[in-house]
Amino acid sequence: MDSTLQQTFDAVVARNPGEREFHQAVKEVFESLGPVLKRNPHYADAAVLERICEPERQIIFRVPWTDDGNRVQINRGFRVEFSSVLGPYKGGLRFHPSVYLGIVKFLGFEQIFKNSLTGMPIGGGKGGSDFDPKGRSDGEIMRFCQSFMTELYRHIGEYTDVPAGDIGVGGREIGYLFGQYKRITNRYEAGVLTGKGLTWGGSLVRTEATGYGTVMFTEEMLKANGEDLDGRRVVVSGSGNVAIYAAEKAAQLGGTVVACSDSSGYLVDEDGLDLDLLKQVKEVERARLTAYADRRGSAKFSSRGSVWEVPCDVALPCATHNELDADHARTLLKNGVRAVAEGANMPCTPEAVEVLLNGGVLFGPGKAANAGGVATSALEMQQNASRDAWDFAHTEQRLQEIMTGIHDDCAETAEEYGTPGNYVAGANIAGFTKVADAVLALGVI
């Protein structure tokens, strides 16, 4: 990192103490920007870096609700509206006990550049709560969501800020949130939330989009090197929405997905994951992977070790941030991995990324590889604005076009700045320059 970037980064750390995930996200971008500042010194002169690193608005609020025992519970809600220079704030809501301001800011900062790469007119934001939906009844989740939206509604809108789902926030939660927003505002403003149900303003492919898009990006990386997914062994981490649909698209393209994981451990199914069974266990029953192993003779479950110990050609970390460390990366290299693409946000530690890049692995960073979810959310907004609904094939084709465009933009930018094949540098530079130019164009605001 050159001296100007280092000074700015040091100031960000000092101004945002204790927010280690946010610091990590900023550093990861800054480490790619040295060549950009040499070519465009006016970015530094106009304090563009400082402006992008400071959220436009940070909202923290109390969320009171009553559980099934009629006991009052208190959680904390967040919405960080980071950058609106390209469009209304856009980014998901995460309900998980680990959520605090540093997590939300890291996610929001990443979202700025991810959304920029899609080419869609959307800015960056993120939100959530330290509420844990696991083990809660539908009634408890409804009451929590209604309380959460009772505060959040005043800060969002289809031209202002458009939340979606993330970890812990799926179609059920979006439904409760949208219902409360409609009740409070007396408006059927479908474009205020994305990830909605298909009968009330949602878009086909949105459920599949993040996982599908991650695999589409992986396929484009392989194609650029004269390869493809056909016949490859694939391992995914996680077994939620992103992991399930990444596995589904990988299988459609000829890969054999042999392993996945959850918080209790991981399973290996050498015959290839039975995706119908996996969806039944995780999406319908909301059960652990042990329930899958109990019903599938070819599957073996382990509560020890890591899913990254399973030999594979393609690895898709789709669970959570910093789940894949340098030791895991070395194990993947030893076992012959060819490509790694991040389905989750920042799932690979900086040390792991360095190991993979130095080992010649094709590496797709999350802000590029998992941008399909937010891209399809923008397509949902487009359909809502035009009072239209597209069929599955058309929407998936639009997703494919967007993911191919992101890949090509990252590859061409990496080539232009002297780091051919480095999708990390390409994604960071391509995402940053578009935002930086917009920051300058709009003046000091």
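Highest mean first, how do 13-24, 359-370 rank when packing is the count of other Cβ atoms within 10 Å averaged over residues?
Answer by packing, highest mean first, reads 359-370, 13-24.
Charges only on Cβ, +1 for Lys and Arg, -1 for Asp and Glu: so what's the dipole of the chain about the Cα centre, in debye to the nearest 20?
Value, rounded to 20: 1260 debye.
Could you look at the chain and say what percent of its accessible area is carbon and sulfur, using a 1.4 Å probe and all protein chains?
Percent of accessible area from carbon and sulfur atoms in the chain: 47.
Rank these by accessible area, largest first, 1.4 Å probe: ASP327, ASP161.
Reading off the accessible areas and sorting them downward yields ASP327, ASP161.
Heavy-atom accessible area of ARG51 with all protein chains present, probe 1.4 Å, nearest 10 Å²?
70 Å²
Per residue, what accessible area does segment 321-414 have, given a 1.4 Å probe and all protein chains present, in Å²?
Numbers: 3430 Å² over 94 residues.
Per residue, segment 321-414 has 37 Å² of solvent-accessible surface.
Packing-wise, with mean Cβ within 10 Å as the measure, how do 386-397, 199-210 rank, highest first? Before the final figure, lay out each step's value.
Details: 386-397: 12.8, 199-210: 21.7.
My ranking of the peptides, most packed first, is 199-210, 386-397.
So how do ILE445, ILE60, ILE402 rank on accessible area, 1.4 Å probe, biggest first, that is with the largest at the start?
Details: ILE445 155, ILE60 90, ILE402 15 Å².
Accessible-area ranking of ILE445, ILE60, ILE402, largest first: ILE445, ILE60, ILE402.
Can you give the FRET efficiency to the nearest 0.05 for VAL13 and ILE445, using r as the Cβ-Cβ distance and R₀ = 30 Å?
Given R0 = 30 Å and the Cβ-Cβ separation, E is 0.75.
When the helices in the chain are scored as -39500 (n - 2.57) per DSSP H run of 4 or longer and the sum is shared across all residues, what 222 nm value do you end up with, to the nearest 500 deg cm²/dmol?
Computed mean residue ellipticity for the chain: -14500 deg cm²/dmol.
Which FRET efficiency value, to the nearest 0.05, do you get for ASP408 and GLN252 by plugging their Cβ-Cβ distance into 1/(1 + (r/R0)^6) with R0 = 22 Å?
After rounding, the FRET efficiency stands at 0.50.
Determine the per residue accessible area of segment 268-320 with all protein chains present and a 1.4 angstrom probe, expressed in square angstrom. Please report the intermediate quantities before stating the final value.
Numbers: 2680 Å² over 53 residues.
It amounts to 51 Å² per residue over segment 268-320.
Given a Förster distance of 25 Å, report the FRET efficiency between TYR159 and GLU54 from their Cβ-Cβ distance, rounded to the nearest 0.05.
Here the calculated transfer efficiency is 0.65.
Keeping every protein chain in place, order ARG304, ARG295 by accessible area at 1.4 Å, biggest value first, i.e. largest first.
Greatest to least solvent exposure: ARG304, ARG295.
Find the centroid of the Cα atoms in segment 275-310 and in segment 172-220, then give the distance between the two in whole Å.
Between the Cα centre of segment 275-310 and that of segment 172-220, the gap is 27 Å.
Quick one: Karplus J couplings for segment 3-16, per residue in order, coefficients 6.51, -1.76, 1.60, θ = phi - 60°, nearest Hz, x for Gly and Pro?
5, 5, 5, 5, 4, 5, 5, 4, 5, 4, 4, 5, 7, 10
What order, most packed first, do the peptides 126-133, 224-231 have when packing is the mean number of other Cβ atoms within 10 Å of each residue?
The densest-packed peptide leads the list: 126-133, 224-231.
For segment 55-190, what is the accessible area per residue in Å² when the probe is 1.4 Å? Spell out each step's value before the answer.
On the way: 5040 Å² over 136 residues.
Here the per-residue accessible area is 37 Å².
Quick check: the distance between the Cα centres of segment 369-445 and segment 31-79, to the nearest angstrom?
Taking the Cα centre of each part, segment 369-445 and segment 31-79 sit 20 Å apart.
Looking at (i) 20.6; (ii) 29.9; (iii) 31.1, which value of mean projected area of the Cα convex hull in nm² comes from a calculation on the structure shown?
(i)
What accessible surface, in Å², does a 1.4 Å probe find on HIS155, ignoring ligands, DNA and RNA and rounding to the nearest 10?
For HIS155, solvent-accessible area is about 50 Å².
What number, in percent, do you get for the relative contact order of the chain if the mean sequence gap of Cα pairs under 8 Å and at least 6 apart is divided by its residue count? Let's see the in-between values first.
Working: 909 pairs, mean separation 66.7, N = 445.
RCO, the chain: 15 percent.
Explain nothing, just the number: relative contact order of segment 55-190, from Cα pairs under 8 Å at least 6 residues apart, as a whole percent.
Worked out over segment 55-190, it gives 28 percent.
The values are calculated or read from the model by the stated rules, or taken from the named source; none is laboratory data. Keep in mind the model is a prediction, meaning the values are calculated, not measured. In this analysis, Cβ positions are derived from the backbone assuming ideal geometry, glycine residues included, and neighbour counts consider all displayed protein chains. Side chains included, ligands, DNA and RNA excluded: accessible areas come from the protein's heavy atoms. Shrake-Rupley method; radii C 1.70, N 1.55, O 1.52, S 1.80 Å.
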